[in-house]
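Novice: Before we start, here is the structure in question, set down as structure tokens.
The values are calculated or read from the model by the stated rules, or taken from the named source; none is laboratory data. This one's a predicted model, so the numbers in the text were calculated from it and none came from an experiment. Reconstructed Cβ throughout: ideal geometry from the backbone, glycine too, with neighbour counts over all protein chains shown. Just so you know, the surface numbers come from the protein's heavy atoms only, side chains and all, with ligands and any DNA or RNA stripped out. Shrake-Rupley method; radii C 1.70, N 1.55, O 1.52, S 1.80 Å.
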Amino acid sequence: MDTLTDATPDRAGLIRRYTLLFAGAAVVLAFLPTLFALVTAPPNTLYLGHQTNVDDHMVYAAWMRQAMEGRILFDNRFTTDPQPGLTFHVYFLLLGWVAKVTGIVGAVTLARVCFSFLFVWLLGRWLEASNVSTFVAKSALTLASLGGGVGFMVFTFFGQEITDKSSPVGALTGGWLPIDVWQPEAFVFPSMLTNSLFMVSLCLIVVVVRAVIEARDSMRPVLGGALAFAALMNIHSYDVLLVTLVLVGFLAAALAAKRFSRAWAGRAALIGLGAVPSALWFLYVLAKDPVFQARANTLTYSPTLQQVVVGILPLVILVVLGLAFNRDDGRNRLRAGALALFVLVLHQWANGADPGKMFAGPVQFGVAFAVACGLVAFMAGDDDFQNFLWAWALVGLVAPYFPALFQRKLLMGLAVPWGLLAAVQAGRCLERMERSHRNILAGATLLVCSLTSLMWLQREVWFVRNDVASTTRHSVYYSPDVVEIIRRLNERTGRTVVVAPSGIPSPSDVPGRFNKPLRNDLNAILSGMTGAYTVAGHWSETPSYLDRLKDVNTIYSSRAPVELKREIIAKYKVDFAVVPVVPGVSIAPFDQLGEVVYLGTHWGLVRLAAGR
């Protein structure tokens, strides 16, 4: 039987082989929806490589498009407002250079595959360097990568609201879906399916925290950790705040366990300084670019703590039970009780709050953060690896309520520490069992904890089969007309402004489902795939989005006077309009507004006379 401190000569090899096997299997599973979409794509159509949050991926594509054109500093292509163009994003700059060879879809798909594999590899190496047994390491890698909550019981394909109000899960979450159903960045496998940016950010987080832990005894990891922190600040700055808050909790653990040293703190501070250049550039851009300011001020609050807790509930239960039944330390039952009470209080604290409403002010957050750090100190022992996991798990529960904008981003990777701790704590108990019984129970537990991840896989395939993206206003495939319009716009040089009508979703008779959109919203697609500027391209990237959308809708309104349309076109200096084509119906009044340069079966392209 493996033991927790199994140090057999083959331990490292067994963990490494399992890591490679598991990483390969996870990546293949995550790639299946993309492969299915590519194989089943209708002839001459465009597939963007994503089914979830398509409009956000077009923001990334617009940066990549600019990199392909030779730009180093980017501007926002989802608005026509004046802007200095100071955005520097090293990740999408590099992907843009790759896309010159592979195309945008090829570049983002390759990156998603590579960084998904790399994350599992990095996590496996971290477990290999820890003192956990082979059995625990395998379980930890699986739970951290696939683990979720009880969202599989109420899983829906769209939105954040539970459709079955009689569900017991709804009673725990106030009627809202737990985060494991809809928030991919908090979980590993959903991130593998949907977004390479999340995966590269998780890789950098692991590199940074390992560097901090290993800096206890050496200066060697400082440079690599500082460079990773600099990259993290540049490509996903929210994670730097999360890591900083978690490191405060880790400091509390080190002090409580009498493992703190000034030399260690100094080396950790040097790693932290790596983020300073990127942070200074961020502040400079924020001060100089009004468009970036508007984007940074977008309200995106965290879900309720009820949604968060239920979204990782099986993992939390495993941690509590593992502590309660582990008698190696006389304080473990007390620790289990304190942990259960902490999570219960957090769950009840959120009672009655709705998503989109801040319910933790500075004082409330300060109290919750201090309590979390105190509990981390109470859990602390002589193992820095586990001390950090406690800090990440407990501080990670309250960090998303930091009183600032874009709180939701601070849930990044929350399932990782809880999955690792669940395996470590429950593994101590399971290893006392007869091997076959242990493996059966462990396998059943892993399956239950992974069910929501498997539902994500099913949903991605469902999106492809039904040709509808998670936004409800975008398809998975785009017609040959759209392909031709993109080609023509890409032939142009210089600044181009284009408008398209807003999308029209197609609700299904089945609650919580949508059919293929009645009309696609092409604005984000055009900005992403051509680099053209759009007037109302993205809900958070376009300043005063609703006002701009109203103007765009006026251009396409059959009731608006032609002169008013010309005024709006001239106001935004629109060069082209993409126009829906209805067989047998004239595209007037657009033939009065400019020259029809392309007329397809479903879409036409009009060069507008009043654009300049």
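Novice: Rounded to two decimals, what ratio of Rg to Rh does region 414-473 give with C-alpha atoms and a Kirkwood Rh?
Specialist: We get a ratio of 1.21 for region 414-473.
Novice: Take region 492-543, drop everything but the C-alpha atoms, weight them equally and run the Debye formula without solvent; then report log10 I(q)/I(0) at 0.32 Å⁻¹ to two decimals.
Specialist: -1.17
Novice: Another question about this same structure. Taking only Cα atoms, what is the 0 to 90° angle, nearest 10, from helix 545-556's long axis to the longest principal axis of the chain?
Specialist: Helix 545-556 sits roughly 30 degrees off the main axis of the chain.
Novice: Ignoring any ligand, DNA or RNA, what whole percent of the accessible area of region 200-259 comes from carbon and sulfur when the probe is 1.4 angstrom?
Specialist: 66 percent
Novice: Another question about this same structure. What lysines sit close enough to K565 to cross-link, taking a C-alpha to C-alpha distance under 16 Å and skipping anything fewer than 8 places away on the same chain?
Specialist: Here the lysines satisfying the reach criterion relative to K565 are K550, K573.
Novice: Follow-up question, since we're still on this one. How large is the dipole of the chain about the Cα centre if only Lys and Arg carry +1 and Asp and Glu carry -1, each at its Cβ, rounded to the nearest 20 debye?
Specialist: For the chain, the charge dipole is close to 520 debye.
Novice: In degrees, nearest 10, range 0 to 90: what is the angle between the Cα axis of helix 222-235 and the longest Cα principal axis of the chain?
Specialist: 30 degrees
Novice: For K409, go through the lysines and keep the ones whose alpha-carbon is under 18 Å away, minus same-chain ones fewer than eight residues off.
Specialist: Leaving aside lysines fewer than 8 places away in the same chain, those within reach of K409 are K357.
Novice: Still on this structure, I have one more. Using the Cα centre of region 395-467 as origin and beta-carbon charges of +1 (Lys, Arg) and -1 (Asp, Glu), tell me which of G396, V461, V416 is placed farthest towards the positive end of the dipole.
Specialist: Farthest along the dipole direction, towards plus: G396.
Novice: Here is a follow-up. If you average 1/r over all unlike Cα pairs in region 265-348 and invert the result, what Kirkwood radius do you get in angstrom?
Specialist: On the way: mean 1/r = 0.0586 Å⁻¹.
Radius from the Kirkwood sum: 17.1 Å.
Novice: Ranked from highest to lowest mean number of other Cβ atoms within 10 Å per residue, what is the order of the peptides 317-327, 430-440?
Specialist: Highest mean packing first, the order is 317-327, 430-440.
Novice: Would you mind giving the average projected area, over all directions, of the Cα convex hull of region 154-249 in nm² with one decimal?
Specialist: 7.8 nm²
Novice: Still on this structure: Excluding ligands and nucleic acids, what accessible area in Å² is computed for E69 using a 1.4 Å probe, to the nearest 10?
Specialist: 100 Å²
Novice: List residues of region 111-142, by number, whose backbone nitrogen lies under 20 Å from a label position 7 Å along Cα→C-beta of H437.
Specialist: 135-136, by backbone N distance to the label point.
Novice: Oh, and also: P(r) of region 52-209 in 10 Å steps, Cα pairs, percent per bin?
Specialist: Final binned percentages: 10, 28, 28, 23, 10, 1.
Novice: Right, next: Only bridges with both residues in the chain count here: give the DSSP antiparallel percent, nearest 5.
Specialist: 80 percent
Novice: Please list, or write none, the aspartates and glutamates whose alpha carbon is within less than 14 Å of the alpha carbon of K100, excluding same-chain residues fewer than 8 places away.
Specialist: The reachable aspartates and glutamates, counting only those whose Cα sits under 14 Å from K100, are E69.
Novice: Given +1 on the Cβ of Lys and Arg, -1 on the Cβ of Asp and Glu, and no further charges, what dipole in debye does region 449-489 carry about its Cα centre, rounded to the nearest 20?
Specialist: It works out to roughly 60 debye.
Novice: Compute, for region 214-312, the length of the dipole vector about the Cα centre, with Cβ point charges of +1 (Lys, Arg) and -1 (Asp, Glu) only. Units Debye, rounded to 20. Display every interim value, and only then the final one.
Specialist: Details: 8 positive and 4 negative charges, 65 e Å.
Using Cβ point charges on Lys, Arg, Asp and Glu, region 214-312 gives about 320 debye.
Novice: Using the Kirkwood formula over every pair of different C-alpha atoms, what hydrodynamic radius in Å results for region 406-525? Walk me through the numbers on the way to the answer.
Specialist: Working: mean 1/r = 0.0526 Å⁻¹.
Taking every pair of different Cα atoms in region 406-525, averaging 1/r and inverting gives 19.0 Å.
Novice: With no solvent and one point per C-alpha, what does the Debye sum give as log10 I(q)/I(0) for the chain at q = 0.09, 0.11 Å⁻¹?
Specialist: Those come out to -0.74, -1.07, one per q.
Novice: Suppose we look only past 22 Å in the calculated P(r) of region 51-129. What percent of the Cα-Cα pairs does that tail hold?
Specialist: 35 percent
Novice: Relative to the longest principal Cα axis of the chain, at what angle does helix 415-430 sit, 0 to 90 degrees, rounded to 10?
Specialist: Value to nearest ten degrees: 30.
Novice: Tell me, in nm to one decimal, what length is gained between L344 and T298 on full extension, where the rule is 0.36 nm per residue of separation less the Cα-Cα distance?
Specialist: Length gained between L344 and T298: 13.5 nm.
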